[in-house]
1. A drop of at least 20 square angstrom in accessible area, chain alone versus all protein chains together, probe 1.4 Å. Which residues of region A:43-65 meet that?
2. Given a 1.4 Å probe and the protein chains all in place, what does the accessible area of residue A:195 round to, in Å² to the nearest 10?
3. Can you give the mean number of other chain Cβ atoms that lie within 10 Å of the Cβ atoms in peptide A:240-249?
4. Hey, if we sort A:20, B:166 by accessible area with the 1.4 Å probe, largest down, what's the order?
5. Using a 10 Å cut-off on Cβ to Cβ distances, tally the other chain neighbours for every residue of A:172-184 and report the average as a whole number.
6. Ballpark to the nearest 100 Å², how much total accessible area do A and B bury together, probe 1.4 Å?
7. Once neighbouring chains are kept in place and the probe is 1.4 Å, which whole percent of the accessible area of chain B is contributed by carbon and sulfur?
8. Could you tell me the center-to-center distance, by alpha carbons, between region B:150-179 and region A:310-367 in angstrom?
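The values are calculated or read from the model by the stated rules, or taken from the named source; none is laboratory data. Here the structure is a predicted model, which means the values were calculated and not measured. Using ideal geometry, Cβ is built from the backbone for each residue, glycine included, and neighbour counts are taken over all protein chains shown. Just so you know, the surface numbers come from the protein's heavy atoms only, side chains and all, with ligands and any DNA or RNA stripped out. Shrake-Rupley method; radii C 1.70, N 1.55, O 1.52, S 1.80 Å.
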Amino acid sequence: MERVATGTGAGVSETTVYDDQIVKMFFTATTVWALVGMLVGVIIALQLAWWPANLGLPWTTFGRLRPLHTNAVIFAFAGNVCFTGIYHSTQRLLKTRMYSDRLSRVHFWGWQSIIVAAAITLPLGMTQSKEYAELIWPIDVAITLVWVAFGVNFFGTLARRKVKHLYVAIWFYMSFVITIAVLHIVNSLVIPATLFRSYPIYAGLTDALVQWWYGHNAVGFFLTTPFLGLMYYYLPRAAQRPVYSYRLSIVHFWGLVFLYIWAGPHHLLYSALPDWAQTVGMVFSIMLLAPSWGGMLNGLLTLRGAWDRVRTDPILKFMVVAVSFYGMSTFEGPMMSIRAVNSLAHYTNWVIGHVHSGALGWVGMISFGMMYWMIQDIWKRKLAHPSWATHHFWLATIGIVLYTVAMWAAGLMEGLQWRALNDAGRLAHPIFLDITTRLEPFLWLRLLGGTLYLIGAIMMAVNFWQTIRGPERPADAAAVPAAA
Amino acid sequence: MSEGTEAKSEAKYGRFHRRFFEGRAGVFAVATTIAISIGGIVEILPMYTVESLAWERADWITPYTPLEVAGRDIYVREGCYLCHSQMVRPMRAEMLRYGPWTRAAEYQYDRPFLLGSRRLGPDLQRVGGKYPDAWHYEHMRDPRSTSPGSVMPPYSWLIDAKYDTDDVTASVAALARVGTPYAATDAASVASDLRRQGDQIIGSLATAGITAEWDDEIVAMIAYLQRLGVEGRAHLEAEGGQR
Ligand code: HEM
Ligand code: HEM
């Protein structure tokens, strides 16, 4: 493709062209919510290892804090990461300011208010109970309105772009904006009973199918496609290498957006859902491996010729590990969708291990890498403590390994013991609690892993704080590359 | 740098894609919308065909009573479904542990569905009738008094708190509006129904020396738990004990 002479480092006038204020706002919100969400994660991990940590109060029991954790890490942390990256990179890719500064602010403040509303209502027990769609109907209405503001702003920016061809990152952002709107609206159709309570228009297994169509694609289009977009923009920039294959990006983009939607029923294997639906869900989940690995390969191969820098640059370290965990969890997912494997894994801690190898490994690590890179770009400062970034990287990596290994072990153990029969054909472990209590050491190990991960994130936040507060420093070459 | 990130030599592979999609945001957006819609339409719409509707319905399951609705709302509020599934799978060990596997029709009045995705505690789909009412009372108050080693938090506030009958009426009315066949949804009928079923439960608790009132939250919770899976089990076992 043709190169544009005035790249992004065009210099003095950049901030007047691009709205970087909104990027800074989302960046700051991301950092704060990351700490909140992960802290709640550590608290609920403690509660599972040691029940008195439920504190005997309604508002602090596991059943109310767990949705707070998932909403905080998915919609507050991961959501704000996506918005940070999208507002930053879209303007640069399209060489234009966002369509409307006002809509950008409506999006920002609207989204943060929704998160605050979630943080108040969930501990009060106001919930619709559907995983990742717990928020009560008035908040759902607010989400719809804010999403429309975001969508208009995003597509308005596309309409007045100064670059004709849309770069692959933009394709992924587009699929994010469109699909989340569709999923959210269809899964939130309810009849209100009171201001705080409502009942879905779907019943029983149909409700379950709609929810897991939503739930799996919340993973697909909230935790995967926008992050692939971020990978396609920030990995090449940090590595200063072009994307490996344009053709591969076309094939895996269309493969991913088409196949993902079908895979929802792998959450309902062995339910009374019709067999054909379960089989379709399983087959499409297995096929999903191909476009997922297409993305992973395109990311890793982009680093060809830059591997020596991975050894020294913590930003690239974060990104490499992120893409590797993406590959790992998208291998594990299709395996867990095979009925026989799912019969063992379903309901167990194995699923939690899978979730967090994707969440901590892929979503978390690509976000950290992007943020360490971006802070130097938009605040025009060098990192206050470059070595802390490396420490953060190692804490997070060790934390993930402890977390996932503990959960795999616990999951396999309970899965096997639940189903074990003795010679007489009776249950080998008839007392459920005997199995549960054997898991305790693994739950402490998971807590340790999660705590290390949180400590790393705290170091990152302090580092950011001191970087922003510190004097403006001439950024290094990696932060502001001249024309490419 | 956007353009610079793509190797020039590769552009030829995507000439069609470049011209047809990448230059036109509107076309790209429409194509994406189509691509993401197909799977959902193919999987979800068949649930609304005549045959499917019949398969999800059965007359051997009755709607939740007002007291059970109140209990179910509390079950949702406390997030019980995050640790307890409500789905017995058709596998030998599961059926030995929990009972007959769960049929689709047993969920026909479940709004929202509460299948759950975790078993930090045992499955509850067929817990109804497994323990006496007093067991549930003690277990919710202090899980370790009935189940040593349990990791479940105590829910002692259910014993002191009272549910609001107007709230339950609103719930029953909303459920009727989405199609649950209730004979009466007016405040007076709902209140007398709550009272009638509540009195039965406090009667059974009294025999174990426990005093409670008909509108205590714990009473609603017990009513809900004690009905789970009972009708289904009775029907399936009468049909020849098929497990
Ligand atoms: C310090 C880091 C974290 C810790 C200690 C932690 C801990 C936990 C715990 C204890 C649970 C409940 C598991 C169970 O039900 O047995 C959980 C669930 C979950 N967490 Fe985290 N978490 C962390 C970070 C994250 C992040 C960064 C994300 C997403 C970006 C995430 C996404 C989720 C999701 C989606 C679930 C629900 C899983 C399911 O329903 O199967 N977590 N987490
Ligand atoms: C090709 C890709 C993937 C496939 C086919 C897949 C498949 C699966 C399967 C079979 C389950 C277990 C369902 C169960 O038995 O309950 C599951 C759970 C889950 N996966 Fe994945 N997975 C994939 C990638 C990912 C990634 C990359 C992430 C995170 C970023 C992720 C997040 C989750 C979450 C949050 C759950 C738990 C849902 C719940 O029960 O609440 N998955 N996935």
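1. The answer is A:48, A:51, A:54, A:56, A:58, A:61, A:62, A:63, A:64 - residues whose exposure falls by at least 20 Å² when every protein chain is included.
2. Surface open to solvent at residue A:195 totals about 100 Å².
3. Working: counts 3, 3, 8, 5, 4, 4, 12, 7, 2, 4.
Shielding by partners across A:240-249 averages 5.
4. Working: A:20 10, B:166 105 Å².
From most accessible down to least: B:166, A:20.
5. Numbers: counts 1, 0, 6, 6, 1, 2, 7, 6, 0, 1, 4, 2, 0.
So the per-residue partner count for this stretch is 3.
6. Working: alone 20790 and 14440 Å², together 26130 Å².
Using a 1.4 Å probe, the pair buries roughly 9100 Å².
7. Details: 5710 of 9790 Å².
About 58 percent, which is the carbon plus sulfur part of the accessible surface.
8. Region B:150-179 and region A:310-367 have Cα centres separated by 38 Å.
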